[in-house]
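Worksheet: one structure, shown below.
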Number of protein chains: 2
Amino acid sequence: MTFGHWGKLLRVNLTTGKTTTETLDELFLRRYVGGWGFIGYYLLKELAPGIDPLGHENKLIYATGPITGQPMAGGGRHMIGGKSPLTGGFAASEAGGFFGAELKRAGWDAVIVEGAAQTPVYLWIHDDQVELRSAEHLWGLETADVEERLREELGERRLRVSQCGPAGERLARIANVMHDATRAAGRTGLGAVMGAKKLKAVVVRGSQRPPVADPEALDALAKWFRDNYHQTGSAVFSTLATMRMVRVNQGVGGLPTRNFQHGVFEGFENLTAERALETITVGRDTCYGCPIRCKWVSEVKSDTYPVDRKYGGPEYETAGSMGSLCGIDDLEIVAYANQVCNANGLDTIGAGVTIAFAMECFERGLLTTEDTGGLDLRFGNAEALVEMLHRIVRRQGLGDLLAEGSLRAAHKIGRGAERYAIQIKGQEVAMHDPRVKYGHGLGIGVSPTGADHMHSVHDSAYTSKGGIADLESFGIIEPLPFDDLSTDKARMVRYGMMLRVLDNLTGMCMFHMWTPRQKADIIRAATGWPTDVADLWLAAERAYDMARAFNAREGFRPEDDMLPPRLLEPLPEGPAEGKAPTEEQYRAALADLYGLMGWDADTGAPTRAKLADLGIAWVADLLEATPRA
Amino acid sequence: MTFGHWGKLLRVNLTTGKTTTETLDELFLRRYVGGWGFIGYYLLKELAPGIDPLGHENKLIYATGPITGQPMAGGGRHMIGGKSPLTGGFAASEAGGFFGAELKRAGWDAVIVEGAAQTPVYLWIHDDQVELRSAEHLWGLETADVEERLREELGERRLRVSQCGPAGERLARIANVMHDATRAAGRTGLGAVMGAKKLKAVVVRGSQRPPVADPEALDALAKWFRDNYHQTGSAVFSTLATMRMVRVNQGVGGLPTRNFQHGVFEGFENLTAERALETITVGRDTCYGCPIRCKWVSEVKSDTYPVDRKYGGPEYETAGSMGSLCGIDDLEIVAYANQVCNANGLDTIGAGVTIAFAMECFERGLLTTEDTGGLDLRFGNAEALVEMLHRIVRRQGLGDLLAEGSLRAAHKIGRGAERYAIQIKGQEVAMHDPRVKYGHGLGIGVSPTGADHMHSVHDSAYTSKGGIADLESFGIIEPLPFDDLSTDKARMVRYGMMLRVLDNLTGMCMFHMWTPRQKADIIRAATGWPTDVADLWLAAERAYDMARAFNAREGFRPEDDMLPPRLLEPLPEGPAEGKAPTEEQYRAALADLYGLMGWDADTGAPTRAKLADLGIAWVADLLEATPRA
């Protein structure tokens, strides 16, 4: 008997139409926990190196964690993985909302979708009833419409949908997977994997509370959070939500502006959380079990750019990527751009950074109106932004190129355009400038999914005695300034990353500021495992290292962990004027982090000793046995 | 303000007679915690490599932990360290009883004694009153007599004494440091360091409860233990104490017999705990704050070998080393031998194994009656055993040689005598045969103090689901058989060792079967640190690695981690007949453990990356800057 998990995996082969159930035993669950742990395990075991991410050999893996679907705050997360069409490496992206909890409540810890359908299908999971159904009539529809059609068709209001939008159907490498039409598994281009498989959606309805070892203890923890979250770091998410970061980052001089050319934006006041509350924000949505309600809902009545509540509203990342990064100081446009992305399944970060890249290319003459089909693609041109989003979705003109992401587009444009593609491993950098967060920059550098703000904490977690509280569980007891990139900062980054991955493994939302010990308490209560902070940390390292191993097998090298050149150039003005890690400094910090993590300096892969230390020497066997892609 | 510790170190220079007080700040305390952590820190910082352990440059360090002196079970431990006269490397030995608690209650976390006196002195610490006094009148006295004289002289019944006996005065390298005349800091020859410094004793009287961050929480934990220890692994210590191991080890075929030539002893029944209770055991003593009362007190009324209660009674190690190991099946003799050792400050393990070595040399003709001064030094000759102990203390005849320990004696005897010296790094192996505990054997191999049963858990902690419960805190979830020596066993050994060192750091007795999480709870309550299992584990690694670094600087090499050849030869009979790790297997396991621990395969020292990972890159700087001894 397992608790916290069901011990059940659903495998669906789209080529054959066959579905099978597999048992996940307790040793497997203890070792790999969930999320990245499951994804890394199956990708390493089941994908041959070098396969085409958009080919039928790729797999799409839905993974929950022991907390997913538990009736408690933070239990609304699930993870999707595969081989990334954007980076060519490990893909994993997580989403909140209700889908993950519903999948778990349907009795499944994970779903592996393999093969590819000839014609569009969707997967309908109703508890243990599993069915592949035609999605011909849904193909091409926007996400909210698909949700609506599915509810009608299946006669079930309370189902939950994970789908690719039209962007994914058309294999945009910056396509995401949408849930509830508002919650994106945004990064690494997994929408295109769905599109390539002709899998329009995974639809679930579940009816059982996942098994819990100690329901009273778990409920007590859930109650503690409801009663006390206002006194934790979670409080800020319930007041100004993620949008507050506009003012915070502007204040420290690191609000990504005009494709990271600047760290301050003259129009930032128009993008702040306060302004959003006065203008576009009309309500607050939430995820499964969560009292924080950080999901702001926008509505804009307008003839040109109307915004409907059904697509939620922009978060900070979108305010940055569609706002300051494109030189746009209009929240209504930002909300509209957000709606276009959510309706069509485009990653707002990937799309915004790619368009900002194109804008810079345009301003620098690398792209002309001939390339843009007449669009005046300058920073600040809101109409051009919106139009370009549509063209990306339709893969029309320059949009067809930008749908490939900034790096591939830069290669095509040539003439040094790469220096304006602000990406790592092909994935665009999110709205957190490493020049005001040196530690965060190190974390996004080594992240196996490419630049990914979900896998590295911000330097505010390193710079004060209060900030490092969670790191004290790992013997980090002295804060360091944001622009420190010493070995001790690398230590902090290591544990910061692992705390993030730990949330991912367990299915816990990172906005829930449980202490590491509380997290261990939660997992103990849910699973009955005599787990502890050390055990969970090692599980996180296990998952992280499997992802690094996957990438090494695909040919990634330490050079791929470098920041793009621009982020090593000093910020030109503002509170952080002159700040940037030097290349030498960053390389030294990478070397330090490799040492701390037990990664080989030549390959970037975890060493055999490290893998053995984690009890997964089989990964070393695999790396040694498999020719590199 | 610090809690758990006072933040105060006393430094006493015997050459100058000067005493100074130093402050230990919170960062230092968090990082090094106590015990080995303090000892390793100061030895690395303050001892030049290559110094003579018996010279004035050596230092004698008393170190407590945050639990020492707290009014709770297990809080009666303190550690003594220095450079070992026996191994030439890191010396640390711990003791129970009341001395450590008293030292802590006197307001001191640690004492460093440096230099050497011209004439015998003792150090009298009465709270913050510190005085060096003449010990001329105590020199040469047996330990209980010294205790008595000090009580009279200082007019204080409740003082506590840490002293070298006559063996230490005469620089026997197997001399220990005695407390309460019954509790030995037995290993690594620290009694000789006291003798060399002409420091007869450290005498303390304290009157204050150490500061505690959360007294209620700590008291609740203490109460929990008093109420529940019978339901924990500690229960066995309160029933048959350590002596039960005679039957256990005989049962598995690993009761060290006749200098480890055998693993079963025909006379074992006469050495069992049950037999002790019927014969020599007349009472039960305890340590500070402890309800277990595992310290059995012996009394034997006899004209030839009378045993007095004041010297306590033999524990398992002594029943083995003076009993089966010497082929002697007489508990009265064992108790008498124990008394000779306690009265004179000889390590019963070191002395017993060294005499067993000599017995084998005698039986094999490497020693003759000419060497032994007429003694028929055969296995089983109880009179010869007792006489040889006296001669070691007096350094008379062959005793003068054996006082140097088995390895030095073997070198002197020559003709291949080394193969009968059952030691690692010069320190004698305790009564746990690695051939029935392969994992334990790996742990005693790498222990920085040489073969030391205190730094490696027994394989019973690895072989069953219940056994590995504590290791589950570190992701170890599958038991392995005792004769497994795979990489996964090495993982277990790693964490087993760290749990032991963690007890040492914190000042907690290892017979108190708190879970790792409870230990973290205790340290949190005592210190107020937001510590956790991971943090404490890392602190243990820090301490362990400092000790390894100290040894590497002194010229130790991986070869020094090998088991003596005999322990790689199959046991000839009994339940474990044919069992022993092969040399190849053991070397492979060492290599695995090096990898897991982050130790360099060539030097055996922790790598810079590992030390950086622990936040003590300064140790790497030191190793690189210091020429090897």
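Summary table below
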item	result
Separation of the A:ALA625 and A:ALA48 label points, Cα + 7 Å toward Cβ, nm	1.5 nm
Ranked packing of B:83-95, B:395-407, A:594-606, A:267-279, most packed first, by mean Cβ within 10 Å	B:83-95, B:395-407, A:594-606, A:267-279
Average partner coverage of A:595-608, which counts Cβ from other chains inside 10 Å	2
By average C-beta atoms within 10 angstrom, highest first, the peptides A:298-304, B:458-464	B:458-464, A:298-304
Of every Cα-Cα pair in the range B:168-209, the percent that sits beyond 14 Å	48 percent
10 Å beta-carbon shell around A:ILE424, net charge (K/R +1, D/E -1)	-3
Simple spin-label estimate for A:HIS230 and B:GLU22 in nanometres, 7 Å along Cα-Cβ	5.0 nm
Low-density loop cleavage sites - GluC sites (Glu not before Pro) in the range B:495-580, where at most 15 other Cβ are within 10 Å (DSSP)	B:GLU573, B:GLU577
Size of charge dipole - the range B:51-183 - debye, nearest 20, with Cβ of Lys, Arg +1 and Asp, Glu -1, no other charges	400 debye
Relative contact order (percent, whole number), the range B:351-421, Cα cutoff 8 Å, 6+ residue spacing	32 percent
Computed E for B:ASP400/B:GLU573 - FRET, C-beta separation, R0 30 angstrom, nearest 0.05	0.25
Inter-copy separations for B:ALA625, label at 7 Å along Cα-Cβ, nm, ascending	4.8
Net dipole in debye of chain B [+1 Lys, Arg Cβ; -1 Asp, Glu Cβ; about Cα centre; nearest 20]	1020 debye
Beta carbon of chain A nearest to the axis of the rotation taking A to B, residue and angstrom distance	A:ALA534, 2
For the range A:316-322, 3J(HN,Hα) per residue [Karplus equation, 6.51 cos²θ - 1.76 cosθ + 1.60, θ = phi - 60°, Hz, x = Gly/Pro]	3, 4, 6, 4, x, 6, 9
Order of exposure, largest accessible area first, which applies to A:ARG133, B:ARG309 with probe 1.4 Å	B:ARG309, A:ARG133
Computed [θ] at 222 nm, deg cm²/dmol, chain B (DSSP H ≥ 4; -39,500 (n - 2.57); rounded to nearest 500)	-11000 deg cm²/dmol
Additional length obtainable on full extension of the chain from B:THR239 to B:ASP602, 0.36 nm per residue less Cα span	126.1 nm
Dipole in debye (nearest 20) - the range A:438-625, about Cα centre, beta carbon charges: Lys, Arg +1; Asp, Glu -1	500 debye
Kyte-Doolittle mean at least -0.5 and Cα axial length at least 20 Å: DSSP H helices in chain B	B:348-363, B:487-506, B:533-553, B:583-597
Selected from A:PHE98, B:MET562, B:HIS390, residue furthest toward positive end of dipole (the protein assembly as shown; charges at beta carbon)	A:PHE98
Whole-percent carbon and sulfur share, accessible surface of the range B:8-205, 1.4 Å	42 percent
Rule-of-thumb Rg ratio for chain A [Cα; 2.2 N^0.38 Å; N residues]	0.87
Derived scalar couplings ³J(HN,Hα) [the range A:269-280; Karplus, 6.51 cos²θ - 1.76 cosθ + 1.60; whole Hz; x for Gly, Pro]	4, 6, 10, 6, 4, 4, 5, 4, 4, 6, 10, 7
Summed residue charge, Cβ within 9 Å of A:PHE99's Cβ, Lys/Arg positive, Asp/Glu negative	0
Full-extension gain in nm, B:HIS137 to B:LYS301, via 0.36 nm per residue minus C-alpha separation	56.1 nm
Length-normalised contact order for the range A:245-421 - Cα pairs under 8 Å, 6+ apart - percent	17 percent
Members of B:LYS295/B:LYS437; B:LYS200/B:LYS610; A:LYS465/B:LYS465 lying beyond 28 Å, as alpha-carbon distances in this model show	B:LYS200/B:LYS610; A:LYS465/B:LYS465
With DNA, RNA and ligands ignored, accessible area of A:HIS56 (1.4 Å probe; Å², nearest 10)	110 Å²
Förster-model FRET efficiency, 30 Å R0, B:ARG309 and B:ASP219, C-beta, rounded to 0.05	0.40
Gain in span if fully extended, B:TRP618 to B:LEU277, counting 0.36 nm per residue against the direct Cα distance	117.5 nm
Amide hydrogen neighbours beyond the local backbone of A:SER298, cut-off 5 Å, H modeled	A:VAL282, A:GLY312, A:GLY313
Environment charge of B:THR304, counting only residues whose C-beta is closer than 10 Å and scoring Lys/Arg +1, Asp/Glu -1	-3
Test item: A:252-262 mean partner chain Cβ contacts at 10 Å	0
Distance (nanometres) between label positions extended 7 Å along Cα→Cβ at A:ALA588 and A:GLU153	5.9 nm
Placed amide H near B:SER134: partners under 5 Å, 5+ positions off or other chain	B:TYR122
Projected area, mean over directions - the range B:245-421, Cα convex hull, nm²	10.1 nm²
Relative contact order for the range A:8-205, counting Cα pairs under 8 Å that sit 6 or more residues apart, in percent	23 percent
Shielding score for B:615-627, defined as the mean number of other chain Cβ atoms within 10 Å	1
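The values are calculated or read from the model by the stated rules, or taken from the named source; none is laboratory data. What you see is a predicted model, and the numbers here were worked out from it, not measured in a lab. Every residue, glycine among them, receives a Cβ derived from its backbone with ideal geometry; neighbour counts consider all protein chains shown. The area values use the complete protein model at the heavy-atom level, side chains included, leaving out ligands, DNA and RNA. Shrake-Rupley method; radii C 1.70, N 1.55, O 1.52, S 1.80 Å.
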